[in-house]
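Below is one structure; the comments refer to it alone.
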Amino acid sequence: KKGKPPLRTIDSIVVPCGGGGMVAGINLAVDALQGENSRMTSVMTVEPTGYDDHSRSFAASHRLSLAEIYTADNDDDNTPPSSHSSVSVSETEKYPISPPKSKSKACDALMAAAPGQITWSVNGPRLSGAVAVKDDDSVYNAMKVAFDYYRLVLEPSGALGLAAVLDGLEKSVSGNSDDGPVLPPGRVVGVIACGGNTDLDTYADMVGYQPKKG
């Protein structure tokens with residue numbers, strides 16, 4: 001009688017990230033299951049383009065706000081709603097006035113101004129990687145893939161992890177291709193896909209659905 005094949009451990013968990021609360025919970029869960037000093041499963045964050053405070057903090061090995069990352073000008077349109085920040089931030093930590101022109105407009109649930117102070121104390125020493133999705137088109141494609149293949153209706157922020165995996169996570173956070181892929185081929189990857197806060201018309205427009213006429 002043949003036994004059941006052993007279950008493979010998830011090598012990496014890819015998590016959409018704003019202030020870092022959900023990531024911190026996952027990191028602590030991995031610690032509880034595998035031991036803080038014997039983790040077999042790595043955890044990495046994915047952020048919208050232009051809101052890459054975790055990616056930059058990970059690269060710098062200390063917590064950075066977006067205001068510290070980008071220089072300021074006078075474009076007030078670049079300030080995201082404060083309700084999206086998972087922690088209260090000081091005036092100097094608010095979103096800078098001059099982020100990249102290509103910043104995400106779709107992932108409004110993940111526009112935190114900085115990693116949370118408490119959550120970064122959990123995530124900073126535990127993250128194995130942190131990246132930003134290249135643009136909103138990647139997110140829209142991931143939303144379509146989630147529906148076509150898995151029948152999941154995801155809002156843009158909920159599809160961010162899948163977008164990163166579909167893009168290949170080819171570059172490190174430094175953007176240097178010589179650093180190699182963030183997720184090497186052959187790994188078992190778990191993608192957190194959560195959040196369906198969207199209306200039908202907006203969702204259809206994002207995934208490119210064209211209703212039949214007549």
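The values are calculated or read from the model by the stated rules, or taken from the named source; none is laboratory data. Every value quoted in this text rests on a predicted model; they were computed, and no experiment measured them. Counting neighbours? That spans all protein chains shown, and the Cβs are built from the backbone with ideal geometry, glycine included. With ligands, DNA and RNA removed, areas are computed over all heavy atoms of the protein, side chains included. Shrake-Rupley method; radii C 1.70, N 1.55, O 1.52, S 1.80 Å.
Brief remarks follow.
- Within segment 28-49, considering residues that are closer than 12 Å to G18 by Cα and in contact with a Lys or Arg (Cβ under 9 Å, 6 or more places away or on another chain), the one most open to solvent (accessible area, probe 1.4 Å): T49
- Residue selected from segment 36-65 under the condition among the polar types (S, T, N, Q) and assigned to a loop (DSSP other than H, G, I, E, B), by the criterion nearest to L160 (Cα to Cα): T49
- Checked against (1) under 19 Å from the mean Cα position of the chain (by Cα); (2) surrounded by fewer than 15 Cβ atoms within 10 Å (Cβ to Cβ); (3) touching a residue at least 24 places away in the same chain (Cβ under 8 Å), L64 passes all but a single condition, namely (2).
- Single residue of segment 79-123 satisfying the filter (of a type in the set (V, I, T) and at pLDDT below 50) that is surrounded by the most Cβ atoms within 10 Å (Cβ to Cβ): V89
- For segment 199-207, the criterion of being modelled with pLDDT of 90 or more, farther than 18 Å from K103 by Cβ, in contact with a strand residue (DSSP E or B) (Cβ under 9 Å, 6 or more places away or on another chain) and open to solvent by 30 Å² or more (accessible area, probe 1.4 Å) is met by none of the residues.
- Which listed residue, of R187, R126, is under 20 Å from F58 (Cβ atoms), in contact with a strand residue (DSSP E or B) (Cβ under 9 Å, 6 or more places away or on another chain) and at pLDDT 95 or above: R126
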